Amino acid sequence: MDPNRTVRKAVIPVAGNGTRFLPATKAMPKEMLTIVDRPVVQYAVDEARQAGIEQIIFVTSRNKHSIEDHFDDAPELISSLSRSGKTAQISELEAMLPTAGSVSFTRQQAPLGLGHAVWCARDLIGDEPFALLLPDMISFGARGCMAGLMDLYGTVGGNVLGVEQCAPEETSKYGIVGKGSAVPHGFSVTHMVEKPPAGEAPSNFYLNGRYILQPDIFSILARQQRGAGNEIQLTDAMLTLSSQQPFYAHPYDGRTFDCGSKQGFIEANVAFALARDDIGGTVLASVKELVLSHEGRIRAA
């Protein structure tokens with residue numbers, strides 16, 4: 001199998017229950033929570049398309065119908081906007097709409113972990129290398145992280161991981177990679193460790209939720225034993241694959257917000273709002289006022 005085949009497809013797992021955001025996610029998928037005025041999942045799709053991905057495969061579950069509806073045509077809404085003369089909104093919605101046949105959905109019937117979710121997409125991926133984007137992790141920078149992974153993949157092939165640097169004392173929060181020799185757009189990966197204690201990590205480069213993987217991962221996932229949390233862990237399967245194929249890492253020069261956490265979700269909303277021409281100035285003034293008010297209450301306490 002050619003490890004340098006073009007990456008045309010991306011998997012986006014959206015089957016999680018979003019329990020960290022209850023009660024907001026009781027009736028709404030966590031991926032449909034908004035960063036400013038776009039749902040979280042839209043940012044992952046936009047990043048994949050910016051990187052040249054042609055086909056998006058969502059691994060979904062029950063009660064996620066609104067995600068499918070979001071990426072479908074809405075003729076009644078378009079008609080209503082047209083009657084109101086809201087051409088700018090129509091253009092924005094049309095730009096977000098995937099072309100016919102470029103989006104697929106498959107079910108993960110049981111919550112058995114990220115590795116199992118990826119395995120559920122095996123028949124839609126086939127024998128091609130594929131991108132994997134965790135939608136909770138949102139890239140913020142001049143361009144998305146996946147575009148950089150594609151640059152690196154085009155140079156070295158194999159398997160490619162998106163990474164960023166954390167403080168050395170925070171390595172126990174992340175999957176960490178060992179840094180090997182430099183290559184254009186990144187470096188080779190010597191090994192991977194899940195949440196190593198501070199002082200025992202091979203580096204401070206952590207996995208940021210962006211991957212390009214060879215299809216050989218599927219046969220490994222098919223026989224992968226359950227790991228942490230009694231789930232099928234993707235990292236365990238990647239460790240097995242790394243004994244057979246090379247892995248490389250691309251350090252992202254932007255910032256990734258973990259919108260699966262409340263802190264990251266709020267930070268992302270502020271960052272994306274501040275970056276916008278239409279509301280950035282007013283949001284900045286409001287944030288400054290809130291910070292000053294909060295500091296005043298602390299001093300008075």
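Is segment 1-135 best put as rounded, prolate or oblate by its Cα gyration tensor, with a ≥ b ≥ c the root eigenvalues, rounded for a/c under 1.5, and otherwise prolate when a/b is larger than b/c, oblate when not?
Numbers: a/c = 2.23, a/b = 1.30, b/c = 1.71.
Verdict is oblate for segment 1-135.
Would you please classify the overall shape of segment 122-202 from the alpha carbon gyration tensor, given that a ≥ b ≥ c denote the square roots of the eigenvalues, rounded means a/c under 1.5, and beyond that prolate means a/b larger than b/c while oblate covers the rest?
prolate
Which parts of segment 258-272 would a label at I298 reach, counting a residue when its backbone N lies under 20 Å from a point 7 Å out along Cα-to-Cβ?
Under 20 Å, as judged by backbone N against the label point of I298, lie 262-268, 270-271 of segment 258-272.
Test of understanding: express the Cα radius of gyration of segment 65-113 as a ratio to 2.2 N^0.38 Å, with N the residue count. Write out the running numbers ahead of the final one.
Details: Rg = 14.6 Å, N = 49, 2.2 N^0.38 = 9.7 Å.
Relative to the rule-of-thumb radius for its length, segment 65-113 sits at 1.51.
Tell me the per residue accessible area of segment 89-133 using a 1.4 Å probe; a whole number in Å² is fine.
On the way: 2100 Å² over 45 residues.
Ligands and nucleic acids excluded, the result is 47 Å² per residue.
With each label point set 7 Å from Cα along the Cα-Cβ vector, what nm distance links A182 and D72?
5.1 nm
Taking 0.36 nm per intervening residue step and subtracting the Cα-Cα distance, what contour gain separates S172 from T155 on full extension? Walk me through the intermediate numbers first.
Values: separation 17, 0.36 × 17 = 6.12 nm, distance 3.14 nm.
Between S172 and T155, full extension yields an extra 3.0 nm.
Only bridges with both residues in the chain count here: give the DSSP antiparallel percent, nearest 5.
Once the DSSP bridges in the chain are tallied, antiparallel ones form about 60 percent.
Can you work out the accessible area per residue across segment 181-232, with the rest of the protein chains kept in place, probe 1.4 Å, in square angstrom?
Details: 2510 Å² over 52 residues.
Accessible area per residue, segment 181-232: 48 Å².
Can you compute log10 of I(q)/I(0) for segment 31-78 with the Debye formula, treating each Cα as one identical point scatterer, at q = 0.33 Å⁻¹?
-1.22
Taking a quarter of the surface of the Cα convex hull of the chain, what do you get in nm²?
Details: hull surface 74.1 nm².
Averaged projected area of the chain's Cα convex hull equals 18.5 nm².
Tell me which lysines have Cα within less than 22 Å of K64's Cα, excluding those fewer than 8 residues away on the same chain?
Reachable lysines: K9, K26, K30, K262.
Using +1 at the C-beta of Lys and Arg and -1 at the C-beta of Asp and Glu, which of Q224, V177, G254 has the Cα lying farthest in the positive direction of the dipole of segment 161-301?
So the residue we want is Q224.
For segment 227-272, which whole percent of the accessible surface, found with a 1.4 angstrom probe, sits on carbon and sulfur atoms? Present the calculation step by step, with values, prior to reporting the outcome.
Values: 1070 of 2140 Å².
The C+S portion of the solvent-accessible surface of segment 227-272 is 50 percent.
Given only helices, namely DSSP H runs of n ≥ 4 each adding -39500 (n - 2.57), what is the per-residue ellipticity at 222 nm of the chain, to the nearest 500 deg cm²/dmol? Let's see the in-between values first.
Numbers: 11 runs with 107 residues, N = 301.
About -10500 deg cm²/dmol.
The values are calculated or read from the model by the stated rules, or taken from the named source; none is laboratory data. Only a predicted model underlies this, so the values are computations on that prediction, with no experimental measurement involved. Ideal geometry is used to build each Cβ from the backbone, glycine not excepted, and the neighbour counts take in all protein chains shown. All accessible areas refer to the heavy atoms of the entire protein, side chains included, with ligands and DNA or RNA removed. Shrake-Rupley method; radii C 1.70, N 1.55, O 1.52, S 1.80 Å.
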